[in-house]
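Here is the structure we will look at.
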Amino acid sequence: MTSDQTPADLLAPLRTEDGGFAMVALDQRESLRRMFPLTDDGAEAGDDALREFKATATRVLSPLASAVLLDRPYAVTDARPAELAPSSGLILAADVLEQPPGLPVLTTWLDDVVTPEFVERVGAVALKFLVIWREGVEVAERADLVGRFVELAREAGVAGLVEGIVRPADADEWTDPAARHDAILAAAAELSALGGDIYKAEVPGYVPGDLGLVEEHAKRLTEVVPGPWVVLSNGVERPDFADAVRASCAGGASGFLAGRAIWADTVAEADHEAALTERSTRRLQDLTRIVADTARPYSRHQSRER
């Protein structure tokens, strides 16, 4: 952030006219590859298939989104993507993901290619970094990593979005929903205190098919996050996501940065553009209306000094 920029200035390119955030995530990498049908010879989709889908989805959805999250190298190479609508801000993923075949993301680190010079060259207005959070595990290392990401965003003069994904400390999957709910809140408190401008959270208090605790847990998350926060859609059943956004915003969220709930079921279609136009645009418009009606505008937040 330069001396004449405020936190509100950094967030302005990401917000809607109503002051919330209606942002689309298209930075999935190996997880996106696995959404495609296998080829005729049983192989996974190639890199060109990922690039084609990202380009098409960006062209169709970005005119309706306040910002779009894209990755290097499948979507962002050496310039702002031509498919990105002028009205939509570019969020660049600054993370490298370790994700072996058939497994979720195990860990992340900073992408050395994403420098302040690269950020300026591609016209990004924000950076995003994904953190895998396990209670009591590698706490100092995690703080150092997020701290270096925040410093990168500062040097580049753009907003920094920190995303926390919680995992059990001693198991592969959650067996106790209450423990996961508590972890989402603990991760938000720890990671948001490290200096990012927006915190990206899993929907708090969510159980598939049951949104009864979401608003209450969103209020608790709002109490521990010192700035604006948004929800992601990973882990939420598609029919639940609109109501999950509504409940999260009622509890203090400022919007969403979501991908799968908007476009995941179009990946296997032969005609991506038609499927995205017919289904995904409607979902994005509905979600944006929810944000306009219920989200806490980012300008109401007491932004930290940077």
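Read the figures in this text as sums done on the coordinates, not as results from a lab. Nothing here was measured: the structure is a model prediction, and the numbers come from that model. With ideal geometry, Cβ positions are generated from the backbone for all residues, glycine too; neighbour counts draw on all protein chains shown.
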Q) Within the range 7-295, what percent of beta bridges assigned by DSSP are antiparallel, to the nearest 5? A) 15 percent
(Q) Between Asp172 and Val207, how high is the FRET efficiency from 1/(1 + (r/R0)^6) when r is the Cβ-Cβ distance and R₀ = 22 Å? Nearest 0.05. (A) 0.70
Q: Pull up the cross-link candidates among the lysines for Lys128, meaning alpha carbon to alpha carbon under 16 Å and not fewer than 8 places away within one chain.
A: Lys200
Q) When only DSSP loop residues count, what GluC sites (Glu not before Pro) in the range 3-101 have their Cβ near at most 12 other Cβ atoms within 10 Å? A) Glu17
(Q) Just want the ordering: Asp48, Asp286, from fewest to most Cβ atoms lying within 10 Å of their own Cβ. (A) Asp48, Asp286
